[in-house]
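Down below is the structure, laid out as structure tokens.
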Amino acid sequence: MAVDKIAYRPEIDGLRAIAVVSVVFFHAQFSILDEHPFRGGFLGVDIFFVISGYLISTLILKELQAGTFSFARFYERRARRILPALFATVGVCLAGGFLLFSPADYERGAGAAVSALLGISNFYFLSEVDYFDADVRVKPLLHTWSLSVEEQFYLIFPPLLLAIRTFAPKRMTESIVVLLVASLLYAEYASTATPEASFFLLPMRGWELLAGALLAQLELKGYRKPHPTLDRTMPWLGLVLIFGAFLIFGSETKHPSVLTGICIVGTMMVIWFCRSGYAAHTLLSLKPVVGLGLISYSLYLLHWPIIVFAEYYLFRDLTNLERVIAVLVSVAAAILSFRYIEQPFRRRIEKDGVRFRRAVLTPALSTWVVLGIVSLAVWMNGGLPWRTERPLQQAESLFDIPKIAERVAELEQEWAHHRWVTIRKIGNLDEASVLILGDSHADHLVGLAEYLKQEYDVSTVIYSLVGCPPVFGTYKVMDVPLGITNPRPAQNACKDLTDIWQRFVAEHADRFDHVILASRWAWMFERGKYFRKSIRSDVLVDKENPQYDRDSSRQTFISGLRETVRSLRGLGVEPIVFGQVVNHERSLSGCDDIPRWFRQDVRLSRCETVPKEVALARLQWTNDTIRKIASEEGFRAVLPTDYFCDTPNGYCRTHYKGRRLSDDADHINRFGSIYLAHRWAQSEAFPFATAARKTKAAK
């Protein structure tokens, strides 16, 4: 029995156009009055999932019903649809990375290429999710995670439908509903418990594809019938839900979760109710809209690498005009890809009597192998460092300080109360006399701790939680006002951990001589644009009397820091407060270690991002406040700007002895940490030299 070809629905291509434009505009980050109006544009991926689930399930279910379903034919169709443009994109990224990327970024990009070719990009990028992870805007294949989710769905779903059709043919609808609800509930739970995994993995994304599958099953059973009133109004309501979600969603929104259902339901309404003869169908079927839908796959694949490479070459954010140019170039490239790559492979062709599998799939497999070998070669050879002259990268170590820091798993299990807590030992744990508390700005002092151990035989423990300032009796509220009513998991953990830190110091006061407090302090007092970019609004609040405005945040910091250092002093422990390092506003990774065809002056200037006067102005209140409290309370304060910004030019120091001192925007790397320790050790305020001499003399 032959299966009728699925009737072409131009409005679905129109829906694809909405999805791809939203994603492209989200990635382009167009700004209007310093705001990004397309902050919810990432939901375009969710629209694609529903559409894919609907179309693929329609095809499978019809063939299962007719008894003509073939796994070989199904996967051949999927390969012809997905692989050619994907292979072209991987090739473009390998070529662009060769011309532009630093070895480290090219190595990472090649690893992403391998994962994309294997259909496991989502797992690869999930493994890279970390607070210190490189800027996502240097990952040209990041967006292929969604293709991997679809590919994994295509591997699992057809056999599952076949099993249901075989063993419970009358329960197909109920089975899809059960799977959908289970996946949605899991996504709702995981969006809070494990948000990164929830974003990237199929079990938490499956319900979106299953939403489309449910529509296909209900349509096959004859439930999709014309209804003039609903067909006239419901598609518009669906579009309102979709565009409303674009406006209200942001990076801070739980996603995917029940809230994502706003967009998913809107997409389902358009697919189900949109019919020829009504205004919504006419709008979505306009030739320019359908045209964008037809090239949506190639446009989705190509726009992100083009934006990434443009920003990497300029090493700054694009202007709105440059963003427009990047989008237009992406559209032109997508048209060419659709015409000369997608379409030829989608057609089932014969050449000299040789069937498609030999005429097309063999070259495709060869291309896959070649791209895989090239990607592996780049990945395993460190990103081909011979492309660079490395004029600024002379030594693997600074002051011959060895890497000795270790995470202490048993202590993390005993002391940690959140999965983002990190505990490291540097030296002998039993002899540790220095404890460093704080957020990631405490954790990035690992090089400083290694310097103390190597030069002064001082062992250290670092006990940190991302986003948590070490001020007893307080906690940081992230992203006000949203964080007031919808706190992030790290925020709740910080609320507990500041008390845990206080108890921990009290219980182990006899072990430690010094406690260093370090944090990205200024984040809690800054507002608006830092230099070119707006920053998130965080505040420090008193646990007993939380106030969420900036002035209260400053007062809480002043009183809280005083009480914290007094508490430490009362336990016989000497506090040391570190100020905040300079925020460079964008990742410095790859600013200098780039291919030799970049001029030397270009390499150096790329690392100069935020003028020194701006950086110091943004840190002035924090530095002045720490300095004032230190003077009044009699403890040591270490202000990194004293050592990084004592430069003759208009920018704070980014290099020392050939080593870059920062990798991302607002942390120093290991070398920056060692440099900070070296400069601190030369100051009169350094407390360890005398103790070290006594220790060495005793030995």
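The values are calculated or read from the model by the stated rules, or taken from the named source; none is laboratory data. Just so you know, these numbers come straight off a predicted model, no measurement behind them. All Cβ positions, glycine included, derive from the backbone under ideal geometry; neighbour counts span all protein chains shown. Only protein heavy atoms, including side chains, enter the accessible area calculation; ligands, DNA and RNA are left aside. Shrake-Rupley method; radii C 1.70, N 1.55, O 1.52, S 1.80 Å.
Let me confirm something: among Gly53, Gly91, which residue is over 25 Å from Ile18 (Cβ atoms) and part of a helix (DSSP H, G or I)?
Being over 25 Å from Ile18 (Cβ atoms) and part of a helix (DSSP H, G or I) holds for just one of Gly53, Gly91, which is Gly91.
Go through Leu15, Leu59, Leu43 for me and flag whichever is more than 30 Å from Val308 (Cβ to Cβ), open to solvent by less than 50 Å² (accessible area, probe 1.4 Å), assigned to a helix (DSSP H, G or I) and not hydroxyl-bearing (Ser, Thr, Tyr).
Leu59
Write out, first by first residue and then by second, each pair whose Cβ atoms fall under 8 Å of each other, whose residues are 6+ apart or on separate chains, and whose first residue, in segment 360-388, is assigned to a helix (DSSP H, G or I) while the second is of a type in the set (Val, Ile, Thr).
Val360/Ile349; Leu371/Val90; Gly372/Val114; Ser375/Val90; Ser375/Val114; Leu376/Val114; Trp379/Val114
Any idea how many residues of segment 538-571 are open to solvent by 30 Å² or more (accessible area, probe 1.4 Å) and closer than 20 Å to Ala615 by Cα?
Qualifying residue count, segment 538-571: 2.
For segment 63-107, how many residues meet the condition of being more than 26 Å from Pro344 (Cβ to Cβ) and either open to solvent by 50 Å² or more (accessible area, probe 1.4 Å) or among the aliphatic types (A, V, I, L, M) (or both)?
9
Inside segment 422-464, can you point out the residues that are among the charged types (D, E, K, R), open to solvent by less than 20 Å² (accessible area, probe 1.4 Å) and either under 16 Å from Val515 (Cβ atoms) or touching a His at 6+ places or on another chain (Cβ under 8 Å) (or both)?
Quick first cut of segment 422-464, residues among the charged types (D, E, K, R) only: 424-425, 430-431, 439, 443, 450, 453, 455, 457.
Now restrict to residues that are open to solvent by less than 20 Å² (accessible area, probe 1.4 Å): 439, 443, 450.
Asp439, Asp443, listed by residue number.
For segment 115-124, indicate whether the set of residues that are without any contact (Cβ under 8 Å) to a residue 40 or more places away in the chain, buried (at least 21 other Cβ atoms within 10 Å of the Cβ) and within 28 Å of Asp666 (Cα to Cα) is non-empty.
Checked against the condition, which is being without any contact (Cβ under 8 Å) to a residue 40 or more places away in the chain, buried (at least 21 other Cβ atoms within 10 Å of the Cβ) and within 28 Å of Asp666 (Cα to Cα), segment 115-124 yields at least one hit.
Can you name the helices (runs of 4 or more DSSP H) wholly within segment 576-685 that have at least 2 residues being closer than 26 Å to Pro469 by Cα? Steps first, please.
On the way: elements: 600-606, 612-633, 641-644, 670-681.
The qualifying helices (runs of 4 or more DSSP H) are 612-633, 641-644, 670-681.
Give me the pairs, please: first residue somewhere in segment 240-263 and without any contact (Cβ under 8 Å) to a residue 60 or more places away in the chain, second residue anywhere and open to solvent by 10 Å² or more (accessible area, probe 1.4 Å) and part of a loop (DSSP other than H, G, I, E, B), beta-carbon distance under 8 Å, and either six or more positions apart or on two chains.
Leu259/Thr253
Quick one: is Val270 under 25 Å from Ala334 (Cβ atoms) and modelled with pLDDT of 95 or more?
Answer is yes for this residue.
Tell me the residue from Arg503, Arg511, Arg488 that is within 30 Å of Val138 (Cα to Cα) and open to solvent by 40 Å² or more (accessible area, probe 1.4 Å), please.
Working: Arg503 fails: within 30 Å of Val138 (Cα to Cα); Arg511 fails: within 30 Å of Val138 (Cα to Cα).
Within the list Arg503, Arg511, Arg488, the selection yields Arg488.
Does Trp680 meet the test of being aromatic (Phe, Trp, Tyr) and surrounded by fewer than 21 Cβ atoms within 10 Å (Cβ to Cβ)?
Details: aromatic (Phe, Trp, Tyr): yes; surrounded by fewer than 21 Cβ atoms within 10 Å (Cβ to Cβ): no.
Taking the combined requirement at face value, the residue does not satisfy it.
Check segment 284-296 and report whether any residue there is under 30 Å from Tyr106 (Cβ atoms) and of a type outside the set (Lys, Arg).
Looking for residues that are under 30 Å from Tyr106 (Cβ atoms) and of a type outside the set (Lys, Arg), one finds at least one in segment 284-296, hence yes.
Considering each of Gly119, Gly91 in turn, give the residue that is farther than 30 Å from Thr166 by Cα and at pLDDT 95 or above.
That would be Gly91, the only listed residue that is farther than 30 Å from Thr166 by Cα and at pLDDT 95 or above.
Listed here are the residues, each with its yes/no results for (1) open to solvent by 60 Å² or more (accessible area, probe 1.4 Å); (2) closer than 30 Å to Arg670 by Cα; (3) aliphatic (A, V, I, L, M).
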site	(1), (2), (3)
Leu126	no, yes, yes
Ser146	no, no, no
Glu150	no, no, no
Phe153	no, no, no
Ile156	yes, no, yes
Leu179	yes, no, yes
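With under 26 Å from Pro159 (Cβ atoms), open to solvent by less than 40 Å² (accessible area, probe 1.4 Å) and within 20 Å of the chain's Cα centre (by Cα) as the only criterion, which of Leu201, Leu209 stands out? Let's see the steps before the verdict.
Working: Leu209 fails: within 20 Å of the chain's Cα centre (by Cα).
Criteria check complete, one pass: Leu201.
Search segment 465-494 for residues that are closer than 19 Å to Glu188 by Cα and aliphatic (A, V, I, L, M) and pair each with any residue that is part of a loop (DSSP other than H, G, I, E, B) and open to solvent by less than 20 Å² (accessible area, probe 1.4 Å) when their beta-carbon atoms are under 9 Å apart and the residues are at least 6 apart or on different chains.
The qualifying pairs are Leu482/Gly250; Ala490/Gly467; Ala490/Cys468; Ala490/Met478.
Listed here are the residues, each with its yes/no results for (1) β-branched (Val, Ile, Thr); (2) closer than 23 Å to Pro195 by Cβ; (3) assigned to a helix (DSSP H, G or I).
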site	(1), (2), (3)
Ala506	no, no, yes
Ala509	no, no, no
Phe512	no, no, no
Ile516	yes, no, no
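Please work out if Leu411 is modelled with pLDDT under 90 and open to solvent by less than 20 Å² (accessible area, probe 1.4 Å).
Yes, satisfied.
Restricting attention to segment 122-144, does a residue exist that is in a helix (DSSP H, G or I) and in contact with a Pro (Cβ under 8 Å, 6 or more places away or on another chain)?
So far as segment 122-144 goes, no, none of its residues is in a helix (DSSP H, G or I) and in contact with a Pro (Cβ under 8 Å, 6 or more places away or on another chain).
If we keep just the residues of segment 602-636 that are within 30 Å of Thr388 (Cα to Cα) and of a type in the set (Ser, Thr, Tyr), which is modelled with the highest pLDDT?
The residue in question is Thr609.
How many residues, within segment 643-663, are in contact with a Leu (Cβ under 7 Å, 6 or more places away or on another chain), open to solvent by 20 Å² or more (accessible area, probe 1.4 Å) and over 13 Å from Glu608 (Cβ atoms)?
The qualifying residues number 4.
Examine segment 518-527 for a residue that is farther than 26 Å from Gly634 by Cβ, touching a residue at least 60 places away in the same chain (Cβ under 8 Å) and either open to solvent by 20 Å² or more (accessible area, probe 1.4 Å) or among the charged types (D, E, K, R) (or both), and state whether such a residue exists.
Looking through segment 518-527, at least one residue is farther than 26 Å from Gly634 by Cβ, touching a residue at least 60 places away in the same chain (Cβ under 8 Å) and either open to solvent by 20 Å² or more (accessible area, probe 1.4 Å) or among the charged types (D, E, K, R) (or both).
Quick check on segment 266-313: of everything there that is polar (S, T, N, Q) and buried (at least 21 other Cβ atoms within 10 Å of the Cβ), which residue is nearest to Tyr340 (Cα to Cα)?
Ser298
Output the number of residues of segment 466-492 satisfying the condition of being touching a helix residue (DSSP H, G or I) at 6+ places or on another chain (Cβ under 8 Å), part of a helix (DSSP H, G or I) and within 15 Å of Ser440 (Cα to Cα).
Number of matching residues: 1.
So how many residues does segment 179-193 have that are closer than 19 Å to Ser146 by Cβ and touching a residue at least 60 places away in the same chain (Cβ under 8 Å)?
Of the residues in segment 179-193, 3 are closer than 19 Å to Ser146 by Cβ and touching a residue at least 60 places away in the same chain (Cβ under 8 Å).
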